[in-house]
Amino acid sequence: MPKLGMEPVRRKALIDATISAIGERGSLNVTVSEIAERAGVSSALAHHYFGPKEELLLATMRQLLADLGRDSVAALRKATTPRQRLSAIAAVNFNAGQFREETVHAWLAFYVEAQNSLPLRRLLSVYARRLHSNLMSGLLPLVPRREAERMAEAIAAMIDGLYIRRALRDGLPNPASAISLVEDYVDAMLAKQAPRT
């Protein structure tokens, strides 16, 4: 009988092992046995906690979203101006925890699989809506709504694109260069805007 309180520890170990296995493989083509071995638990225990592999993958995606959400909330709380909100969003998406190679590969694997999985597609829609909302909260005080929508879409595309480039495993872009590219785009677009009255 496992010790009381071990379930959350083991569940987290299995989710971390899932991210690691997906990151190494570059796809969701991993087995529960491989994941369980990485986590130091039996396959039976992994199935006990999560059921089928799909549930473990959904739990992993939820954890990635929760981690990003937690980091975003903390960063946005420190921002005191709309422009600082935009910088906070860029910094969070490319921070050391979010922009780790294995995390990047997990995100991209989920994007690919979401084409065939409605539950994963729903989770990625949550991510996209949160990102859009956070970007709009920084952009609307600075530019007209139509331009804010366009900029939010472009920034989100840059973030996704930089994740893809990171996944190419050539080491580029690094977090600092990724943040700089987004910041340069925002500065250039804001400079083009007439002051709002």
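The values are calculated or read from the model by the stated rules, or taken from the named source; none is laboratory data. None of the values given here were measured: they were computed from a predicted structure. Quick reminder, even Gly has a Cβ in these numbers, built from the backbone with ideal geometry, and neighbours come from all protein chains shown. Please note that ligands, DNA and RNA were not included when accessible areas were found on the heavy atoms of the full protein model with its side chains. Shrake-Rupley method; radii C 1.70, N 1.55, O 1.52, S 1.80 Å.
Name the residues of the stretch 2-43 whose amide N is less than 15 Å from a point 7 angstrom out from the Cα of N116 along the C-beta direction?
Hits in the stretch 2-43 for N116 at 15 Å: 27-31.
Return a whole-number percent for the relative contact order of the stretch 1-69, with Cα pairs under 8 Å and 6 or more residues apart as the contact set.
Details: 46 pairs, mean separation 22.7, N = 69.
Computed over the stretch 1-69, the figure is 33 percent.
Give me the extension gain from N29 to Y185: residue separation times 0.36 nm, minus the current Cα-Cα distance, reported in nm with one decimal.
Answer, rounded to one decimal: 52.5 nm.
Normalised by the number of residues in the chain, what is the relative contact order in percent for Cα pairs under 8 Å and 6+ residues apart?
Relative contact order of the chain: 21 percent.
Taking all protein chains together and a probe of 1.4 Å, list I164, I159, I179 from the most accessible to the least accessible.
Final ranking, largest accessible area leading: I164, I179, I159.
What number comes out for accessible area per residue over the chain if the probe is 1.4 Å? Units Å², please.
54 Å²
Students often get this wrong, so try it: which of (1) 1.14; (2) 0.94; (3) 1.01 is Cα Rg over 2.2 N^0.38 Å as calculated from the structure shown?
Read-out taken from this structure: (1).
May I ask for the equivalent-ellipsoid semi-axes of the stretch 37-84, computed as the square root of five times each C-alpha gyration tensor eigenvalue and listed largest first in whole Å?
Three semi-axes, in Å: 36, 10, 6.
Which percent of the accessible area of the chain is formed by carbon and sulfur heavy atoms (probe 1.4 angstrom)?
C and S atoms contribute 56 percent here.
Along the charge dipole of the chain, pointing to its positive end and built from +1/-1 on Cβ of Lys, Arg, Asp and Glu, which listed residue (I155, S125, A79) has its Cα farthest out?
About the Cα centre, the residue reaching furthest to the positive side is A79.
Tell me, in nm to one decimal, what length is gained between E7 and R165 on full extension, where the rule is 0.36 nm per residue of separation less the Cα-Cα distance?
Length difference between fully extended and current span is 53.2 nm.
Return an integer: the convex hull volume of the alpha-carbon atoms of the stretch 1-115, in Å³ per residue. Could the numbers behind the result be given before it?
On the way: hull volume 12.4 nm³, N = 115.
Hull volume over Cα atoms, normalised by residue count, gives 108 Å³.
Please give me the summed charge of the neighbours of A178: other residues whose Cβ is under 10 Å from its Cβ, Lys and Arg +1, Asp and Glu -1.
Every neighbour counted, the sum reads +1.
What size of dipole, in debye to the nearest 20, comes out for the stretch 107-197 about its Cα centre when the only charges are +1 on Lys and Arg C-beta atoms and -1 on Asp and Glu C-beta atoms?
With only Lys, Arg, Asp and Glu charged at Cβ, the dipole is about 300 debye.
If the only charges are +1 at each Lys and Arg Cβ and -1 at each Asp and Glu Cβ, what is the size of the charge dipole of the stretch 1-119 around the Cα centre, to the nearest 20 debye?
Dipole about the Cα centre, nearest 20: 600 debye.
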